[in-house]
Amino acid sequence: MGSRTLYHMFQETVRKHAARQAVGFKISKTAEYTYWTYAELNDRVRRFRRGLDALGLQKGERIAILAENRVEWAIADLAAQALGMVNVAPYSSLPAVQVAYIIRDSGARILVLSDAKQRAKLGEIRAQCPDLAFVVAMDGEREKLAADDAIPFEDIYARGESSGREDADLDRIAEGVCDDDVAMLIYTSGTTGDPKGAMLSHANMLQTPDAVVDEPVAPLGPEDVFLSFLPLSHITERVGGYYLPIRVGACIVYSQGLSALADEITKGVRPTAMLSVPRLWENMHDKAIDSLAKTPERQRRIAEWGIEVGAECVRRRSKGHGAGPILALKHMLAEKLVLGKLREKITGGRIRFCVSGGAPLSVETATFFLGIGIQILEGYGLSETNIIAINRPGRQRIGTVGNLLLHVETKLAADGEILVRGQGRMQGYYQKPDATAEAIDSDGWFHTGDIGELSQDGYLKITDRKKDIIVLANGKKVAPQPIEASLKQSPYIGEAVLFGDNQATVMAILVPAFGKMLEWAQSNGIATKDVAELTNNAEVQKLFKSEVDKHTTHLADFEKIKKFRLVAQPFGIDTGELTPTLKVKRKVVAQKYADLIAAMSR
């Protein structure tokens, strides 16, 4: 064996846990869940591998997977890894032009896509992808697929049986794949320009699952059920919600999407572990608080008391203090009266670990989840580095991303930028030597672009993005992200983006939480439901001014927002303001609302 690869890891688990459930999925929204064991999943992976071989695909060639999280995604990926191919997975939510860029830039030879929506994108862009030789569709009627020159997914199995090489020959190919061979290109979210393909080897991708098991970070095993919701194109889900459960022999159940998620969490799946971006956890927190507000007064007061008791325990623990006898006694009572029931209602009662990554998690949301007894673990990683740090269960320090994982080195540059090297760091950007040289210095340190602080006991805190720092006309520097996070604690503010370079004061573009704004307007006798009209209404402006002031009282005077404008359209992926991981593209917002920003600058 050349060395241990992702496929080897999968085979290790198949040998240990062949009869254990590996994956669960629905063939339609109304169907019951189907579960396959690791042995059954392995059979399909090996058959699909043989089919890819029958197409003539070879080591080093790129396979693009354009699909939502589903079992076929895993089959295609593991089969490709067995042949030494390179996985490229554009977000399924991307518009056609961005998908075309990634397929073309990577030189993908085969595209495996999901449904008619993704085939429609391909219809727009196929002529722009000259290297693309094969298209495989997971769904669709044969006649329509034939018209689109697409091969049904199931037919790949048949091609393998008729003309693929024998398993023994393909096993020898798998043995020849090395841990330093590129396993995938994960494209950056493109917040500052065209996406770049981070070249990640098998060793890079094994760093996080191995580190979680070897420390261990959390006690995970074959009894665990992971709900796969965060897109597999995201580094966090790829290593934490896919390769990690395979590493420990757990079961992965594929979500039917946002509309089904609440039911999946509380009833249909009741997972023990789940990863997502902060927006999901914050929405769950908001809904819990809204639901509580509608309960009878006595019941509400008891619940609010219990939540506050749990929160106070968390705040004390986060500062390194014990609860003390009186608070501990209150907590025992709160657990019996309130907290256990809340956990059951919000998370189905089985979730042991929630992981939050991709953006800062609000202090309030972290405190809420921990306070009601749910281990939410905020972490930090990048497409180029795998997971760098994560809070450990029972040792969370709110406002930080926790301690480093094994096999990760970090240091802070003179300006506070976080530098990273170690097993998880990428090899470089695909076909972009200049960008690689800019990102990785001569000593092997990857420059993350994030500004941070490291405590004496090893807790890492992210304070902002280096390129986002606002330099005012008087030379004062303002870190926008913490302020934006504070503003978004207002129930009326959905998004906040700060500007002010070379200006006298800090300014903000605010996206209202439209539902809350409409409710407030109605309850205050403002008859119109026209959003554009509301954002210009004098009373609504006063509301947002008071919310801005309320949530920025802790700031220095030069950091405070003196001017803001409300916009009447939500930010979206399709409209360009958000990345697929729901990060704001500051540059796009600046361009789109240049007139509003210019007006505030006068």
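Working from label points 7 Å from Cα in the Cα-to-Cβ sense, the L337 to D457 distance is 3.1 nm.
Quick one: divide the alpha-carbon radius of gyration of segment 424-507 by 2.2 N^0.38 Å and tell me what you get. Please report the intermediate quantities before stating the final value.
Details: Rg = 16.7 Å, N = 84, 2.2 N^0.38 = 11.8 Å.
Cα Rg divided by the expected 2.2 N^0.38 Å: 1.41.
Fully extending the segment from Q299 to A599, taken as 0.36 nm per residue of separation minus the present Cα-Cα distance, adds 103.1 nm. Separation of segment 258-294 from segment 306-328 is 24 Å, based on Cα centroids. Taking amide H as placed 1.01 Å from N in the peptide plane, the amide H of M184 sits under 5 Å from that of N87, L200, each at least 5 places away or on another chain. Once all protein chains are placed together, M9 keeps about 0 Å² accessible to a 1.4 angstrom probe. Take the Cα of D557, go 7 Å toward its beta carbon, and none of the backbone nitrogen atoms of segment 500-519 fall under 12 Å from that spot.
Measuring nothing but how far apart in sequence close Cα pairs (under 8 Å, 6+ apart) lie, relative to its length, segment 33-95 scores a relative contact order of 39 percent. Computed from the Kirkwood radius of its Cα pairs, the Stokes-Einstein diffusion coefficient for segment 276-409 at 37 °C and 0.692 mPa s stands at 211 µm²/s.
The relative contact order of the chain, computed from alpha carbon pairs under 8 Å that lie at least 6 residues apart in sequence, is 11 percent.
When DSSP assigns beta bridges and you keep just the ones with both residues in the chain, what percent turn out antiparallel, to the nearest 5? Write down the numbers at each step before the final one.
Numbers: 40 of 76 bridges.
The answer is about 55 percent antiparallel.
Take the solvent-accessible surface of the protein heavy atoms, probe 1.4 Å, and return the percent of it on the chain that carbon and sulfur atoms account for. Don't jump to the answer; show the numbers that get you there.
Numbers: 13310 of 25870 Å².
The computed percentage sits at 51.
Round to the nearest 0.05 the FRET efficiency obtained for A435 and D214 when R0 = 41 Å and r is the Cβ-Cβ distance. With a Förster radius of 41 Å, E is 0.80.
Mind ranking 560-573, 240-253, 161-174 by how tightly packed they are, going by the mean number of other C-beta atoms within 10 angstrom, highest first?
Details: 560-573: 17.3, 240-253: 24.0, 161-174: 13.9.
Sorting 560-573, 240-253, 161-174 by mean packing, highest first, produces 240-253, 560-573, 161-174.
Over segment 226-308, all Cα pairs binned in 10 Å intervals from 0 give whole-percent P(r) values of 16, 39, 26, 15, 4, listed from short to long.
Using a Förster distance of 56 angstrom, determine the FRET efficiency expected from the C-beta separation of H321 and A116, and round it to 0.05. Display every interim value, and only then the final one.
Values: r = 57 Å, r/R0 = 1.01.
Computed FRET efficiency for H321 and A116: 0.50.
Inter-label distance, T34 to H447: 5.0 nm, where each label sits 7 Å from its Cα along the C-beta direction. Taking each residue as 0.36 nm, the span from A473 to E409 lengthens on full extension beyond its C-alpha to C-alpha distance by 19.4 nm.
With a ≥ b ≥ c taken as the square roots of the eigenvalues of the C-alpha gyration tensor of segment 35-103, please select rounded if a/c is under 1.5 and otherwise prolate if a/b is larger than b/c or oblate if it is not? Oblate is the answer for segment 35-103, as a/c is 1.5 or above yet b/c matches or exceeds a/b. The alpha carbon centroids of segment 510-581 and segment 184-254 are separated by 36 Å. Relative protection proxy for 384-391, 51-58, 337-344, from highest mean packing down: 384-391, 51-58, 337-344 (other beta-carbon atoms within 10 angstrom).
Rounded to whole numbers, the Karplus 3J(HN,Hα) couplings from phi for segment 436-446 are 5, 5, 6, 8, 10, 7, 5, 9, x, 7, 7 Hz, using 6.51 cos²θ - 1.76 cosθ + 1.60 with θ = phi - 60°, and x at Gly and Pro. Against the set [x] 26.3; [y] 29.4; [z] 32.3, the structure's computed mean projected area of the Cα convex hull in nm² falls on [y].
Full extension of the chain between T528 and D180 gives 119.1 nm of extra length, using 0.36 nm per residue less the Cα-Cα distance.
Would you calculate a helix-derived [θ] at 222 nm for the chain, using -39,500 (n - 2.57) for each DSSP H run of n ≥ 4 and dividing by the full residue count, to the nearest 500?
Working: 24 runs with 239 residues, N = 602.
Calculated from helices alone, the mean residue ellipticity at 222 nm is -11500 deg cm²/dmol.
Note on segment 491-592: antiparallel DSSP beta bridges, both residues inside, total approximately 60 percent of the bridges counted.
Legend: Rg and Dmax of segment 362-480, from Cα coordinates, 16.0, 49 Å. Packing order of peptides 441-450, 40-49, highest average first: 40-49, 441-450 (average count of other Cβ atoms within 10 Å over each peptide's residues). In the full protein context, the chain carries 43 Å² of accessible surface per residue, based on a 1.4 Å probe and ignoring ligands, DNA and RNA.
The values are calculated or read from the model by the stated rules, or taken from the named source; none is laboratory data. None of these values were measured; they are calculated from a predicted model. Heads up, the Cβs are rebuilt from the backbone with ideal geometry, glycines too, and the neighbour counts pull from every protein chain shown. Heavy atoms of the whole protein, side chains included, go into the accessibility calculation; ligands, DNA and RNA do not. Shrake-Rupley method; radii C 1.70, N 1.55, O 1.52, S 1.80 Å.
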